[in-house]
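K.L.:
Got a structure for you, written out below as structure tokens; questions coming shortly.
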Amino acid sequence: MGAVNQHGNCKMSEAHKLLVLAGDGIGPEVMREVARIVHWLDANRGLKLDITEELVGAASLAVHGVPIRDEVIDLARKSDAVLFGSVGDPAWSHVGFDKRPEVAILKLRKELELFANLRPAQLFDALIDASALKPEVVRGLDIMIVRETVGGIYFGEPRGIETLPDGSRRGINTEVYTTSEIERVARVAFEMARQRGNRVCSVEKCNVMESGLLWKEVVTDLHKREYQDVELSHMLADNCAMQLVRNPNQFDVIVTGNLFGDILSDLASMLTGSLGMLPSATLGIVREDGKRNALYEPIHGSAPDIAGKGIANPLAQILSFAMLLRYSLNRAEDAELIEKAVSNVLASGLRTADIMSPGMARVGTDMMGQAVLREMEKLA
Ligand code: NAD
């Protein structure tokens, strides 16, 4: 990331500790564009960062023999936030699942107890034609899906495949949620809503699942106790899928469990068009020092098919950094500046290959990053 206290050598007491893990494939390419913005914010808006960069994924496997070292996990635990690129490399597809580059991100999520995944689905006006829906349905789209990520049916016990006495087999997974697991993710959603449109829609299947019934009761109780200023509604997951396609603008913040959130957040992503545009955040427990574990990353992977070609779209990574500024460093104005600059650049007609459309000007990773920076300078 260049000169801003790289590798944590230059300590500044008031500087925010940031761990940067660019990873594999296009990860380092798009992260370079964030570095430009970091430098600019440092020079022009007093953003002081104490940055440490480390290897993860295939890059770490090649040097250290593991997808992520314990020291890096420890650093993540002591950082104000982690900015992650992407991991994955086809060269490692022959090894067992536990040794693959992707283990790096799975381990980070587990070790930092990152339980709430935040996925904004925001449509930039200039990209309205990239949406799978009609312009009049998606115009102005700005929703946030908060998905519980460490509980529910993906982790519940009992699980497995068993052979029955008659020789047939049975696959088992169990949806389990406790009061505290529901409360902590609902709390994130209510807090998020207060910074946005002040509305939360809680999504489950209380009509057929006891865990859904408990989910609804716990969210309702918490709302009554602490968040009456936020508007709360409830919706069944199947209806929510339908409503996201029929009239997505009715939502502000959606909070839901792991399984439904997995599906609904992918659905919502497609409302906005390209993978190269979508940031995300995953928030974890509040630590003893009062800070919350948090990791920010684009939705996309390492895109080995385009790695090294200089054509990757850096905007998802840049927008992930904007989320980091807003939610971990409390610098909403800087986040808005970046988001507005991205919006203006798109409005000016510049496009990377993945979001290209007729009549627009095609640029590479580097030019797109520079254009965002120029726009920030103009706006500031
Ligand atoms: P991918 O997101 O890497 O790529 C899917 C398609 O979208 C590709 O055609 C790619 O070129 C394109 N694309 C993705 N990001 C882009 C960008 N910023 N600009 C332009 N085009 C972009 O998904 P995949 O191909 O299924 O996976 C590739 C590798 O990434 C795999 O090893 C996978 O396990 C890994 N992966 C990692 C993460 C992560 O690090 N969190 C997430 C998803 C996939």
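Each reported figure results from applying straightforward, stated rules to the coordinates on display, with no laboratory input. What you see is a predicted model, and the numbers here were worked out from it, not measured in a lab. Cβ coordinates were reconstructed from backbone atoms using ideal geometry, including for glycine residues, and neighbour counts include every protein chain displayed.
K.L.:
Starting from the Cα gyration tensor of the chain, multiply each eigenvalue by 5, take the square root, and state the resulting semi-axes largest first in whole Å.
P.N.:
Listed largest to smallest, the semi-axes of the chain are 32, 26, 22 Å.
K.L.:
Let me test this: with uniform point scatterers at the alpha carbons of segment 147-203, what is the Debye-based log₁₀ I(q)/I(0) at q = 0.15, 0.20, 0.22, 0.24 1/Å?
P.N.:
Debye intensities relative to I(0), on a log10 scale: -0.59, -0.78, -0.86, -0.94.
K.L.:
Counting only residues 5 or more places away or on other chains, whose amide H sits under 5 Å from the amide H of residue 233 once H atoms are built in the peptide plane?
P.N.:
The answer is 200, 201, 202.
K.L.:
Mind putting a number on the dipole of the chain about its Cα centre? Charges go on the C-beta only, +1 for Lys and Arg and -1 for Asp and Glu, and I need it in Debye to the nearest 20.
P.N.:
Using only the charged Cβ atoms, the result is roughly 420 debye.
K.L.:
Same structure, new question: Return the Rg/Rh ratio of segment 142-270 with Cα-based radii and a Kirkwood Rh.
P.N.:
Result: Rg/Rh = 1.04.
K.L.:
Can I ask one more? Just to be sure I understand the model, the point goes 7 Å from the Cα along the line to the Cβ. What's the resulting residue 162 to residue 357 distance in nm?
P.N.:
A separation of 5.4 nm, rounded to one decimal place.
K.L.:
Taking 0.36 nm per residue of separation and subtracting the Cα-Cα distance, what length does fully extending residue 178 through residue 243 add?
P.N.:
On the way: separation 65, 0.36 × 65 = 23.40 nm, distance 2.77 nm.
So the extension gain works out to 20.6 nm.
K.L.:
Hey, got the dipole for segment 142-270? About the Cα centre, +1 on K and R Cβ, -1 on D and E Cβ, debye to the nearest 20?
P.N.:
Dipole magnitude for segment 142-270 comes out near 160 debye.
K.L.:
What pairs in 110/378; 99/340; 17/340; 224/291 have C-alpha atoms more than 31 Å from each other?
P.N.:
In this structure, 110/378; 99/340 exceed 31 Å between Cα atoms.
K.L.:
Something else about it: Sorted by mean Cβ packing within 10 Å, highest first, what order do the peptides 128-136, 333-341 take?
P.N.:
Per-residue mean Cβ counts within 10 Å order the peptides as 333-341, 128-136.
K.L.:
With just the Cα atoms defining each centre, how far is segment 132-153 from segment 216-238? Give it in Å.
P.N.:
Each part reduced to its Cα centre gives a spacing of 18 Å.
K.L.:
Further question: Gain in length, residue 137 to residue 70, computed as 0.36 nm per residue apart minus the alpha-carbon separation, to one decimal in nm?
P.N.:
19.4 nm
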